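Q: One structure coming up, written as structure tokens, with questions to follow.
Every read-out reported here was derived from the displayed coordinates using simple, explicitly stated rules and does not represent laboratory data. Not measured: the values here are computed from a predicted model. Heads up, the Cβs are rebuilt from the backbone with ideal geometry, glycines too, and the neighbour counts pull from every protein chain shown.
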Amino acid sequence: MDAPQIGQLVGAALAPAQLAVCVLAIVRRLWRILPYFTAYLMLLVLIEGARWAVILGAGMNSPAHMWTYWMTQPVLLFARGAALADVCRAALGLYTGVWRFARTLLILSAAFMVAFAVIHMGETARVTSYLIFLERELEFAVLLSLLLLLVMSRYYGLTLERPLDGIALGLGFYSSIVIISSSILIGSLNLRWWAFSLARSLAFVVTLGFWAFSLRAPLPERELPEMGTVESYESGSQAVRDRMRELNQRLMGLMK
Amino acid sequence: MDGVTLYIVFAAVLLGTAAALLRHPREEKGRRGPRSEQAEEFFPIHSRYFPQVRRMLSPEDVTYMSDRASPALFRRWKQSLQHAGSLYLEGLREDFHRLNRLARVLALRSPKLRPKQELELAWLNLRFEMLYGIVRCRLWLGRPAEQYLAKMAGLIGSLGRQLEQTSLGLTVRPGALTP
């Protein structure tokens, strides 16, 4: 069996694996905490099914399959963006103040990356490389947003619990593999198409593994945090800020 | 480094950082949700012992020891003092972190945040860490530090008092934060 055939075999294994993870998510009632992510899993199954229908009808290397693949890929990418937004909301949404602040930062960072992609789109000539370029930039936005979420969670002393941790890791892992493989394909390193497809398929199998592992047991019940008042935050953080500033000034005095 | 390599390296670094951030801190393994806020967690401990440290670092002791002790013994004594001063500075930093964490808990539990205020707190925290490093270097070089340590201890104490008055009822008992 040669390498392209292995690639096709891994690709064929994706559909049942996606279906299995989707069923697992439904069994675990994942939609209660991650409705968009659950919808993304269902969309994956539907689109993968449609792609295989085209492959069986017209062939793997047919223009019909290429067209179907590249036309459905942006739909999946935006669905993945929505799934990540869902993870962010599930991670921080219970803390309304922090969530509003984080949401603004996440939107700004994602908007910056999308704007960057749009500005640099003219640098590519062919339609395929244009789509790959756009996909890479949007995956970068996903990865950066994920990192921002994790930094903010850590800053405020929160940890992503199961299943959010595994789902976030899966999303980040797949995005980074897409960025790396697309960069090699766009660049001058001359990556073959089958190797590009194989890398992505394997990465997605690993990603499905992360998701399945995070859904291995019934989901833990989430406890609602005890919230304070705006007034106590205002006065408390004002005190901290003033004292920090004063302390820094005194420390600066030591430098003189 | 060309654009392709830069993208690859950047993606790998971002993924590595994300994986590291997803790892639960050792003391938090097995704990669900945010850390529980125990009052003791925010207590400034080290700044309470400043009177003892002040006596240890007083200039009179230096004069006394320089007059009576042999040069070798005096040098060793000075080194010990420097070491103790550094340890105390480390303790003050720990106190600062505890109170800083209280500020974050206040933010976490607030229904509304001021983004500008949060960014300023993060920036001040960063500045404190940088300045602390420089002060530590000065201590290590043997510069007098008693009065500065006193200022830092006093500052942390008053920060504790203010936060105590405005705390969210996090079961912090009166007098717990004040050294």
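Q: Place a label point 7 angstrom from the Cα of A:Asn61 along the Cα-to-Cβ direction, then list the residues of the range A:10-47 whose backbone nitrogen is under 20 Å away.
A: A:10-12
Q: Sticking with this structure for a sec: So how do A:82-88, B:104-110 stack up, highest first, on mean other-Cβ count within 10 Å? Spell out each step's value before the answer.
A: Values: A:82-88: 21.7, B:104-110: 23.4.
Highest mean packing first, the order is B:104-110, A:82-88.
Q: Can you give me the relative contact order of chain A as a percent, contacts being Cα pairs under 8 Å and 6 or more apart? All intermediate terms of the calculation are to be shown ahead of the outcome.
A: Working: 217 pairs, mean separation 61.2, N = 256.
Once normalised by length, the contact order is 24 percent.
Q: Now, a different point. Please give the charge dipole size of chain A, origin at the Cα centre, charges +1 on K and R Cβ atoms and -1 on D and E Cβ atoms. Round to the nearest 20 debye. Can you show the working numbers first?
A: Values: 21 positive and 16 negative charges, 41 e Å.
Roughly 200 debye, rounded to the nearest 20.
Q: Express in nm, to one decimal, how much length is gained between A:Met227 and A:Leu202 on full extension, taking 0.36 nm for each residue of separation and deducting their alpha carbon distance.
A: Working: separation 25, 0.36 × 25 = 9.00 nm, distance 4.36 nm.
Extra length from A:Met227 to A:Leu202 when fully extended: 4.6 nm.
Q: Take peptide B:125-132, look around each residue's Cβ out to 10 angstrom, count Cβ atoms belonging to other protein chains, and average those counts.
A: Numbers: counts 4, 1, 7, 5, 0, 2, 9, 3.
Mean shielding count: 4.
Q: Applying a 10 Å radius around every beta-carbon, put A:61-67, A:92-98 in order of their mean neighbour count, most first.
A: Details: A:61-67: 12.6, A:92-98: 20.9.
Packing proxy ranking, top to bottom: A:92-98, A:61-67.
Q: Would you mind ranking A:Trp211, A:Trp31, A:Trp99 so that the residue whose beta carbon has the fewest other beta carbons within 10 Å leads the list? Working shown, then result.
A: Working: A:Trp211 24, A:Trp31 15, A:Trp99 18.
Ascending Cβ contact count within 10 Å gives the list A:Trp31, A:Trp99, A:Trp211.
Q: Arrange the following residues from fewest to most other Cβ atoms within 10 Å of their Cβ: A:Ile26, A:Ile119, A:Ile132. It would help to have the intermediate numbers written out before the result.
A: Numbers: A:Ile26 13, A:Ile119 10, A:Ile132 21.
Exposure proxy ranking, most exposed first: A:Ile119, A:Ile26, A:Ile132.
Q: Still on this structure, I have one more. Under the definition of partner shielding as Cβ atoms of other protein chains within 10 Å of a residue Cβ, what is the mean value for peptide A:141-154? Working shown, then result.
A: On the way: counts 0, 0, 6, 3, 0, 5, 6, 0, 2, 6, 3, 1, 3, 4.
Rounded to a whole number, the mean comes out at 3.
Q: Below 11 angstrom from the Cβ of A:Arg80, what's the summed charge of the other residues (Lys, Arg +1; Asp, Glu -1)?
A: On the way: positive: none; negative: A:Asp86, A:Glu135, A:Glu139.
Within the 11 Å Cβ shell, the charges total -3.
Q: Inside 10 Å of the C-beta atoms of B:111-124, what's the mean count of C-beta atoms belonging to other chains? Could the numbers behind the result be given before it?
A: Working: counts 10, 9, 13, 7, 6, 0, 7, 9, 2, 4, 5, 1, 4, 9.
The per-residue average across the peptide is 6.
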